[in-house]
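Novice: First the structure, which I've put down as structure tokens, then a few questions once you've had a look.
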Amino acid sequence: VCHLLNGFAFKSKLYANDGIRVIRIANVQNGYLEDSMPCFYPWDLEKSIEKYFLEEDDLLISLTGNVGRVALVEKSFLPAALNQRVACLRIKNESYLRKRYLYHLLNSASFEDKCIKSANGIAQKNLSTEWVKDYLIPIPSLSTQDAVVNRLDLIQFQLTNARNSIDLLNSLIKSRFVEMFERQEYSKVPIGNLVISKMSLAKDTFGDTDPIRYIDISSIDNSMGEVMGFTEYVFGEAPSRAQQCIGGGDILVSTVRPNLKNVAVNKFDGDNLVASSGFCVLRCVGCSIEYMRAIVRSDRFTREMCQLTTGANYPAIKKRDVLEYMIPNPPMQQMNEFTVFVQQIDKLRFAIQEQIKKLETLKASLMQEYFG
């Protein structure tokens, strides 16, 4: 019922600041395309890749790494070409199968689970295009498809609006930060002058049978800038990256893929919290927590950290890159005023986040009912 299009391979030397956008595995997230670290193919070479050009509403499936992730191509991403290890499904006839129905079906936990189980490889999972091509799907009547699509699209619309509201509140915080600090003439100091960054080592603190609460990238909500949970282990069975003892109020800055802004404040207290070695931990002593969080979540900080990354497949920065970053050093009174403003915004963000959780629970229940 679909045409299947494979992507093309292109060398890094062909990246440019303009040309035709190339959609890669990193762009394919759960249900949507993310415009992180965009790459382009020079226009003067584009005739050689015309057959890889994408169309609006094409469905993309990640074949490597996070196999089974599915995204819909929106008009705002076009013109664009498809990179290798991403498969494209293009529906032949909507009088038989609706695009949106297939989009929701392929975004189900059932489909992703089957992709993972069918993928080959240990260090990195790989899914074959032949498996995707031969995958069997149920195709109910058009009226049933339309009913399913209408229900799920409504929930998705509500989720999008709620997330946009959080983005708007985040923008308000950014605007207030610029107004209060970046437009003023303050002396500058390295981040390291205002924080403690060397944490006690977990191996010197815990025995093999001691319980710990482990925090890694998956524990972070980067839209809220908070640590939302942890995984409990006995220390001897914890991941090898469980190395840094942290406390409540510590700010965690991921040193891997800084473009994703995995930065968060740890809101949990206790003496058995351990963070991954993939974080630069900042314990504020010469500034307010909210001020520092705004700094390390800012677009300017993210851009400069991205310029310092090393490693093509696993771009990362060093902890000293964070600690040596120069920032304004305003009076504590100014920082405290900013903190009060952020706390007011956080109350609104929390209410919206609770609404999002309810919608996501409802959507998961319906997806199980329709596609489980």
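The values are calculated or read from the model by the stated rules, or taken from the named source; none is laboratory data. Source: prediction; values computed, not measured. Cβ: placed from backbone, ideal geometry, glycine included. Neighbour counts: every protein chain shown. Note: areas computed on protein heavy atoms with side chains; ligands, DNA, RNA excluded. Shrake-Rupley method; radii C 1.70, N 1.55, O 1.52, S 1.80 Å.
Novice: Using a probe radius of 1.4 Å on heavy atoms only, what accessible surface per residue do you get for the range 121-273? Whole Å² is fine. Could you put the intermediate results ahead of the total?
Specialist: Details: 8350 Å² over 153 residues.
Computed with neighbouring chains in place, this is 55 Å² per residue.
Novice: Contact order normalised by length for the chain, with contacts defined as Cα pairs under 8 Å and 6 or more residues apart; what percent is it?
Specialist: Working: 626 pairs, mean separation 56.3, N = 372.
Computed value for the chain: 15 percent relative contact order.
Novice: Using a Gaussian network model of the chain with C-alpha springs under 10 Å, which one of Ser165, Ser254, Ser95 is most mobile by mean-square fluctuation?
Specialist: Among Ser165, Ser254, Ser95, the largest GNM mean-square fluctuation belongs to Ser95.
Novice: Sticking with this structure for a sec: Please identify the chymotrypsin sites (Phe, Trp or Tyr not before Pro) of the range 62-104 that satisfy two criteria: DSSP loop assignment and at most 16 other Cβ atoms within 10 Å. Which are they? List each step's numbers first, then the result.
Specialist: Details: sites: Phe77, Tyr96, Tyr101, Tyr103; in loops: Tyr96.
Answer in residue order: Tyr96.
Novice: Amide H to amide H, which residues 5 or more places from Thr64 or on other chains are under 5 Å from it, using H placed in the peptide plane?
Specialist: Amide H to amide H, under 5 Å and 5 or more residues apart or across chains, Thr64 pairs with Leu127.
Novice: Right, here's the next one. Rank these by accessible area, largest first, 1.4 Å probe: Met292, Met332.
Specialist: Working: Met292 0, Met332 85 Å².
Result, largest first: Met332, Met292.
Novice: Enter the accessible area of Met224 (Å², nearest 10), with the probe set to 1.4 Å and all protein chains included.
Specialist: 10
Novice: First select every other residue whose beta carbon is under 10 angstrom from the beta carbon of Lys198; then total the charges, Lys and Arg +1, Asp and Glu -1.
Specialist: Working: positive: Arg283, Lys319; negative: none.
Around Lys198, the charge tally is +2.
Novice: Among Leu60, Ala162, Asn126, whose Cα projects farthest towards the positive end of the dipole of the range 35-174, with charges put on the beta-carbon of Lys, Arg (+1) and Asp, Glu (-1)?
Specialist: The residue sitting most towards the positive pole is Asn126.
Novice: With point charges of +1 on the Cβ of Lys and Arg and -1 on the Cβ of Asp and Glu, referenced to the Cα centre of the chain, which listed residue (Ile139, Phe177, Ser197) lies farthest in the positive direction of the dipole?
Specialist: Ile139
Novice: Considering only Ala351, Ala162, Ala264, give the residue with the highest GNM mean-square fluctuation for the chain, with springs between Cα atoms whenever their separation is below 10 Å.
Specialist: Ranking Ala351, Ala162, Ala264 by mean-square fluctuation puts Ala351 first.
Novice: Also, quick follow-up: Calculated from DSSP H runs of 4 or more alone, at -39500 (n - 2.57) each and per residue, what is the 222 nm mean residue ellipticity of the chain, nearest 500?
Specialist: About -11000 deg cm²/dmol.
Novice: R0 = 30 Å: FRET efficiency of Arg300 with Glu354, Cβ-based, nearest 0.05? Could you put the intermediate results ahead of the total?
Specialist: On the way: r = 31 Å, r/R0 = 1.03.
Once the sixth-power term is evaluated, E becomes 0.45.
Novice: Ignoring ligands, DNA and RNA, what percent of the 1.4 Å accessible area of the range 91-211 is carbon and sulfur? Don't skip to the answer; put the middle values down first.
Specialist: Numbers: 3710 of 7430 Å².
Summing carbon and sulfur atoms, their accessible area is 50 percent of the total for the range 91-211.
Novice: What FRET efficiency comes out for the pair Thr205/Glu179, r = Cβ-Cβ distance, R0 = 30 Å, nearest 0.05? Walk me through the intermediate numbers first.
Specialist: Working: r = 42 Å, r/R0 = 1.41.
The computed FRET efficiency comes out at 0.10.
Novice: Sticking with this structure for a sec: For the range 348-372 and the range 228-243, what is the separation of their C-alpha centers, rounded to whole Å?
Specialist: Each part's Cα centre sits 28 Å from the other's.
Novice: Compute the accessible area per residue over the range 313-361, keeping the other protein chains in place, probe 1.4 Å, unit Å². Present the calculation step by step, with values, prior to reporting the outcome.
Specialist: Working: 2990 Å² over 49 residues.
Using a 1.4 Å probe on heavy atoms only, each residue of the range 313-361 averages 61 Å².
Novice: Once label points are set 7 Å from the Cα along Cα→Cβ at both Ser143 and Lys117, what is their separation, rounded to one decimal in nm?
Specialist: Inter-label distance under the simple model: 3.4 nm.
Novice: Quick one: which residues, 5+ away or cross-chain, put their amide H under 5 Å from the amide H of Cys39? H built at 1.01 Å from N.
Specialist: Val22
Novice: Moving on. Taking 0.36 nm per residue of sequence separation and subtracting the Cα-Cα distance, how much length would be gained by fully extending the chain between Leu172 and Asp269, in nm to one decimal? All intermediate terms of the calculation are to be shown ahead of the outcome.
Specialist: On the way: separation 97, 0.36 × 97 = 34.92 nm, distance 2.86 nm.
Here the answer is 32.1 nm.
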